[in-house]
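Undergrad: Structure provided below as structure tokens; questions to follow.
The values are calculated or read from the model by the stated rules, or taken from the named source; none is laboratory data. Being a predicted model, the structure only gives us computed values, none of them experimental. All Cβ positions, even for glycine, are placed from backbone atoms using ideal geometry, and neighbour counts span all protein chains on display. Please note that ligands, DNA and RNA were not included when accessible areas were found on the heavy atoms of the full protein model with its side chains. Shrake-Rupley method; radii C 1.70, N 1.55, O 1.52, S 1.80 Å.
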Amino acid sequence: MGDTPVITLNNGVTIPQIGFGVFQIPEAQTAAAVTTALEAGYRSIDTAAIYHNESGVGAALRSAVVPRDELFITTKVWNNDQGYDETLRAFDASTARLGLDRLDLYLIHWPTPKRGKYLDTWRALERLLSDGRVRAIGVSNFLPEHLRAVADLGGTVPVVNQIEVHPALQQRDAQAANSELGVVTEAWSPLAQAGVLDDPAVLRVATAHDRTPAQVVLRWHVQQGRIVIPKSVTPSRIAENLRIFDFELTADELAAIDALESDGRTGPHPDHFN
Ligand SMILES: NC(=O)c1ccc[n+]([C@@H]2O[C@H](COP(=O)([O-])OP(=O)(O)OC[C@H]3O[C@@H](n4cnc5c(N)ncnc54)[C@H](OP(=O)(O)O)[C@@H]3O)[C@@H](O)[C@H]2O)c1
């Protein structure tokens, strides 16, 4: 997995602690962005059926010089495809677009509790796991009660819960519930879509370390054990975001960033999103 630290998931599979997110990258630009990321040293790519760019990810993977077993590819089942049979079909469609026989990580994108299908969807993911079609299965945007309902099935425990976490929305209760169940927190929009990069506290820490604000925020995440999946289409930023493993924030600096919590959710609330 190159020089990037890895985290060992609850099933023994390892995942790079930083991945490249491709949300909102148009399909036509995705192959180039993913190629840039792979050349910079990323080995983990995070996409989703709803991003409509899995084919672009697949094109980059086909032309990559990196061996398949050094790559970690994640995609997600979209809300409309929840349900046992629907999920199995959605998985086939996603892996076909990606050009992969086997996926590394498959996630339920949102719990959509009003649909009432996430447990059946989870059973489909367990089937894909036991069939060897995917190496690990997890969830995204699950509140503690949704995660506990999955754990209460008594089968496979999700390896990750990919949730919105950044300095303005830290979701400490959700992170604690993840940890209690052995589920790693993977932070989406780790930079708050660039919304926290001009904060004076972040700028102060960045100046002290001669780093950029984005590097400081990503370092704040990884120092607390989270996986991060920042997105950028800018080659210099793609490379910059990876250079976060050769410096360390002090306890005071971590606390200064912790103090930026402001309930600043950028995405929908998981209970209301359908
Ligand atoms: N599971 C979910 O429901 C969910 C929801 C949202 C996102 N995600 C995942 O999380 C990934 C990241 O989230 P995100 O794309 O919403 O937000 P993000 O990674 O927090 O921020 C991306 C924004 O920050 C800018 N940026 C990146 N690096 C920068 C740097 N070094 N300096 C200054 N600006 C920088 C990017 O600009 P440029 O691109 O113009 O450089 C872009 O506007 C997504 O791509 C997706 O894979 C998952």
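Undergrad: Report yes if some residue within region 38-58 is free of Cβ contacts under 8 Å to residues at least 60 places away in the same chain, touching a Leu at 6+ places or on another chain (Cβ under 7 Å) and over 25 Å from Val184 (Cβ atoms); otherwise report no.
TA: Within region 38-58 (the criterion being free of Cβ contacts under 8 Å to residues at least 60 places away in the same chain, touching a Leu at 6+ places or on another chain (Cβ under 7 Å) and over 25 Å from Val184 (Cβ atoms)), the answer is yes, since at least one residue qualifies.
Undergrad: Search region 84-123 for residues being basic (Lys, Arg) and under 17 Å from Phe142 (Cα atoms), and hand back the single one that is most open to solvent (accessible area, probe 1.4 Å).
TA: Step by step, filter region 84-123, then rank; the result is Lys114.
Undergrad: Would you be able to say whether some residue in region 139-157 is open to solvent by 10 Å² or more (accessible area, probe 1.4 Å), within 14 Å of Val77 (Cβ to Cβ) and charged (D, E, K, R)?
TA: No, region 139-157 has no match at all.
Undergrad: Hey, another quick one. Within the group Asn274, Asn241, which residue is modelled with pLDDT under 95 and within 15 Å of the ligand (Cβ to nearest atom)?
TA: Going through Asn274, Asn241 in turn, the sole match is Asn274.
Undergrad: Scan region 19-26 and give yes if some residue there is modelled with pLDDT of 95 or more, touching a strand residue (DSSP E or B) at 6+ places or on another chain (Cβ under 7 Å) and assigned to a strand (DSSP E or B), otherwise no.
TA: Yes: one or more hits.
Undergrad: How do the pairs read when you match residues in region 112-126 that are free of Cβ contacts under 8 Å to residues at least 40 places away in the same chain with residues anywhere that are open to solvent by less than 40 Å² (accessible area, probe 1.4 Å) and assigned to a helix (DSSP H, G or I), using Cβ under 6 Å and keeping only pairs 6 or more apart or on different chains?
TA: If the second residue must be open to solvent by less than 40 Å² (accessible area, probe 1.4 Å) and assigned to a helix (DSSP H, G or I), the pairs left are Trp122/Val150.
Undergrad: Give all pairs with beta carbons closer than 6 Å in which a residue from region 69-83 that is under 15 Å from Ser140 (Cα atoms) meets a residue that is near the ligand (Cβ under 10 Å from one of its atoms) and open to solvent by 50 Å² or more (accessible area, probe 1.4 Å); count only pairs at least 6 apart in sequence or on separate chains.
TA: Close Cβ pairs (under 6 Å, with a partner that is near the ligand (Cβ under 10 Å from one of its atoms) and open to solvent by 50 Å² or more (accessible area, probe 1.4 Å)) amount to Trp78/Ile50.
Undergrad: Ok, one more. Scan region 227-251 for residues that are crowded, with 22+ Cβ neighbours inside 10 Å and among the basic types (Lys, Arg) and report the count.
TA: Residues that pass the stated criteria total 1.
Undergrad: Based on what the data block shows, is Leu203 on the phi < 0 side of the Ramachandran plot, open to solvent by 50 Å² or more (accessible area, probe 1.4 Å) and within 16 Å of the ligand (Cβ to nearest atom)?
TA: yes
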